[in-house]
Structures are given as structure tokens and as C-alpha cells.
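Peer 1: Can you read through this structure? Questions will come right after.
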Amino acid sequence: MNIDSQGRVQDPRVRLAISPNIERGPMTLVRGIVVHQTDSPTATSTLNSYRSPDAKGAHFLIDRDGTIYQTASILKMTWHVGPLRARCLAEHRCAPTELQALRRFDPKGEHEREREKAHPDRYPSNQDAIGIEIVGQALPKDVPPEERVYEPVTAAQNASLKWLISGLSVSLGVALTEVFRHPVVSRKNPTEAQTAVWE
């Protein structure tokens, strides 16, 4: 994958739709990739939301037909991960003091402790992860967000996701073991990107 000096992918499969409002500062080293779903019905609505002055977003957006948009430079951080979960808990390797702290439900404290760790002792975060959004809503809209179920990822989206992650992984030196669905690294709806496939 060819990436230019501005952190933009140079490939006919990627359409540039850079949104400066979601770029937050330099990202000097990429250690992981986080896969999301938008909870928005269209790519247009997501791209429009990225124009807001306080917008949050990811580096790439994959539309239902598989079209890939690059929305931020891979040399810039974006706010796409949110508070980190304890990686040691998922990998059954927490120190006794960490386990003691994790007995109490405290997402903010958990995030603060994780941020102090070096990678790979913590999950990739906003500071060192590329974010990829896949268009797809969580439905039905008339129930609380945690009870909604995200729409299945389309075959075209999965094909584009596989191509994009493969190219970014090789170009940036990111192991596929450092590619995660959003709910794995942060406390999000567990069905987000559940049907996304990249290997």
C-alpha cells in the first residue's frame, strides 16, 4: 500500500474525504487498528457529522457498497477508541493488585490505569491506533442503545475491510493480533462490528 508524506493512502480504491475537524494531533507510531460501526444509516450522514467543530471520528469509513473513504491522515490521532478496558483481564495475566482494583466497577479508573501502561500491556488507544468505521446502524431505535443490535456487515464491506487492514498491517508494521473490534478495547455495544471479518 502506498502512503504519501501527508499520511494519505494513494490507491484508486480509496477516496479522499479528509475531515480536519476529527484530526487531533500527531500520531508518531501506529500500534493497532480498531474496527467500528457508525450507528448511522449512510456514509453521507457520517461524513457530514465529521464537519462539526467538536466531531469525533475514525481514519477510514467503509460504505455499504464497499467504497472506502479516508477521513483523516494516518499521521494524525483521532478520537475513536474511548475509555480503555483492562487488556490483562481479557488475557488472564493481571497482577494481583490489578485484579483487586478491577473488582470494583470503575471504568474511568480502569482507563486511567491502562493509559499508564506501555503497549502491548494495554490495548491500542487514540494515541496509537488507526480507526476504521463501517456504515451500519444499531436497531431498533426505540430501545436503549445497549439493547440495540448492529446490522450485519455486508460482503462488500468485509472485502474492503480485509483489503484495507491487510495493506495497513504490512505498510505500518501492525500485527493482525493488534486489530480489534471496538467493544473489545472499550465498553461499547457488544454487537458493534460483530460480523466484521478481516482474516
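Peer 1: Which Cα, out of Ala156, Ala129, Ala17, lies furthest along the positive dipole direction of the chain (beta carbon charges, K/R +1, D/E -1)?
Peer 2: Highest projection toward the positive end goes to Ala129.
Peer 1: Could you pull out every one of the aspartates and glutamates with an alpha carbon less than 18 Å from that of Lys56, ignoring same-chain neighbours closer than 8 positions?
Peer 2: Straight-line reach from Lys56, under 18 Å: Glu23, Asp39, Asp128, Glu133, Glu192.
Peer 1: Can you give the relative contact order of the range 38-138 as a percent, counting alpha carbon pairs under 8 Å and 6+ residues apart?
Peer 2: Relative contact order of the range 38-138: 44 percent.
Peer 1: Of the peptides 179-191, 44-56, how do they stack up when ordered by the mean number of other Cβ atoms within 10 Å, highest first?
Peer 2: So the order, starting with the most tightly packed, is 179-191, 44-56.
Peer 1: Okay, moving on. Could you look at the chain and say what percent of its accessible area is carbon and sulfur, using a 1.4 Å probe and all protein chains?
Peer 2: 54 percent
Peer 1: Here's something else I'd like to know. Given H placed on each backbone N at 1.01 Å, which residues far from Val149 in sequence or on other chains put an amide H within less than 5 Å of it?
Peer 2: Here the answer is Leu139, since their amide H atoms fall under 5 Å of that of Val149.
Peer 1: What does the accessible area of Thr154 come to, in Å² to the nearest 10, when a probe of 1.4 Å is used?
Peer 2: Roughly 40 Å² of Thr154 is accessible to a 1.4 Å probe.
Peer 1: What ranking of Glu151, Glu91, Glu192 comes out by heavy-atom accessible area, probe 1.4 Å, highest first?
Peer 2: Final ranking, largest accessible area leading: Glu91, Glu151, Glu192.
Peer 1: Just to verify a number: what accessible area does Ser166 come out at with the full protein assembly present, 1.4 Å probe, Å² rounded to tens?
Peer 2: Near enough 60 Å² of accessible area.
Peer 1: For the range 46-161, with every protein chain kept in place, what is the accessible area per residue (1.4 Å probe, Å²)?
Peer 2: 50 Å²
Peer 1: Only one of the values (i) 69, 33, 32; (ii) 51, 43, 35; (iii) 56, 41, 34 was calculated from this structure for Cα extents along the principal axes in Å; name its label.
Peer 2: Comparing each candidate, only (ii) matches the computed number.
Peer 1: With 22 Å as the limit, write out which pairs from Lys117/Lys162; Lys76/Lys141; Lys108/Lys188 have Cα-Cα distances beyond it, or answer none.
Peer 2: Lys117/Lys162; Lys76/Lys141
Peer 1: Say R0 is 30 Å: what FRET efficiency, to the nearest 0.05, do Arg15 and Glu147 get from their beta-carbon distance?
Peer 2: After rounding to 0.05, the efficiency reads 0.30.
Peer 1: DSSP loop trypsin sites (Lys or Arg not before Pro) in the range 73-163 with at most 10 other Cβ atoms within 10 Å of their Cβ, which ones?
Peer 2: Arg93, Arg103, Arg104, Lys141
Peer 1: Right, here's the next one. Among DSSP beta bridges lying fully in the chain, give the percent that are antiparallel, nearest 5.
Peer 2: In the chain, approximately 40 percent of DSSP beta bridges are antiparallel ones.
The values are calculated or read from the model by the stated rules, or taken from the named source; none is laboratory data. Quick caveat, the model's predicted, so the values are computed rather than measured. In this analysis, Cβ positions are derived from the backbone assuming ideal geometry, glycine residues included, and neighbour counts consider all displayed protein chains. Protein only, heavy atoms only, side chains kept; ligands, DNA and RNA dropped before computing areas. Shrake-Rupley method; radii C 1.70, N 1.55, O 1.52, S 1.80 Å.
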